[in-house]
């Protein structure tokens, strides 16, 4: 039988005691992560008008865990059927972004491009990689095209009742195209005019461009050559004339595109918070924003409306109850959709929030609404994070905290016993 030194026994007792103190004094935490959809599992619905150069895409099961881009591309083409080479005339690229904690994301993207007056191809595709030019040897979009039968493009279907084609790509042309040089004019919002010089003839063609202020430019485009782009600056963008071999191909001035916003209109900000007491929405309309209105309809309760002028910030709250969902509609694209209340981990039973008076404009808060049956619209696009610290951690309370405290107390008792035994000289420990 081997005697255990007193120092070892004392150390063991102290260690167990300290372990109990640390367990009792350290706060227990639980991680909180917003729910999101992996990019590869996202589902969409779309509309597409090839001749009109428009498309939309709507996220059905967001928010996403990562980014997903889409592109609408219009090409000049040599034929109304697929043929190469093709060159980009205009394109639009937008994306869905992941939702940060307590924030809402856009659920729908709108696209608009200029389409050539003659032969064209228009493609609506997943991703932001645009192929230019499209040639016999270049890459192809293949299953990246929205509405494809397989691959990532198959994850989008037409909006029900929209009469939109499933396959979001188009080959064709308006009117009769002839083998001659042509000009496509594309004004921008800054006052410039982009002229795309296209040669569809069977021999080289010279182009002569004149405009106000003595502007002049000459280009020669060979057969099957990539179109040449010439920009007429805003200072000269009047009385623009393009000729080829003495024939006038284009005459015009700069005109403001329909999608310009001059001056720029600010985008409203919106966020949502789930607390133990309420589901609260806050909307901030910037100083350069436009007047807007949003309607908040709870699954049980009375709908509430927020009307905001530029520079105003307002909030609306609904009492926290199990299964509460609020549908948002109106002028806030960043907020439209359905939001569900999620019970934070640091509260037991939701309690009615204390009655408070709304602060004066520009920031107002609408108190939680009384509840009565109502019918929600079902579409979810928001990331609602639980409360807690900035690092996403939540305090662990209730029965779990009691169990930890009990275990710590037991360790303290065992440590004390060992310390007492170690003080007795005749105590032996056998291995």
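Here, each number is a calculation from the coordinates, and none is a lab measurement. Worth saying up front: this structure is predicted, and the values here are computed from it rather than measured. Note that we place each Cβ from the backbone using ideal geometry, even for glycine, and neighbour counts take in every protein chain shown.
For a footprinting-style exposure proxy, rank 202, 327, 54 by other Cβ within 10 Å, fewest first.
In increasing order of surrounding Cβ atoms, one gets 202, 54, 327.
With a point put 7 Å past each Cα toward its Cβ, work out how far residue 212 is from residue 138 in nm, to one decimal.
According to this spin-label approximation, the distance is 3.5 nm.
Taking just the C-alpha trace of region 39-173, give me its Rg and Dmax in Å.
Here Rg and the maximum Cα pair distance are 14.9, 51 Å.
Normalized C-alpha radius of gyration of region 56-125, against 2.2 N^0.38 Å?
1.42
Return an integer: the convex hull volume of the alpha-carbon atoms of region 181-252, in Å³ per residue.
Roughly 69 Å³ of hull volume per residue.
Which number do you get for Rg(Cα) / (2.2 N^0.38 Å) in region 151-271?
1.44
For region 216-278, what size does the Cα cloud have along each of its three principal axes, sorted from largest down, in whole Å?
Answer, in whole Å and largest first: 77, 29, 16 Å.
Mind ordering 139-152, 266-279 by average Cβ neighbours within 10 Å, highest first?
Packing proxy ranking, top to bottom: 266-279, 139-152.
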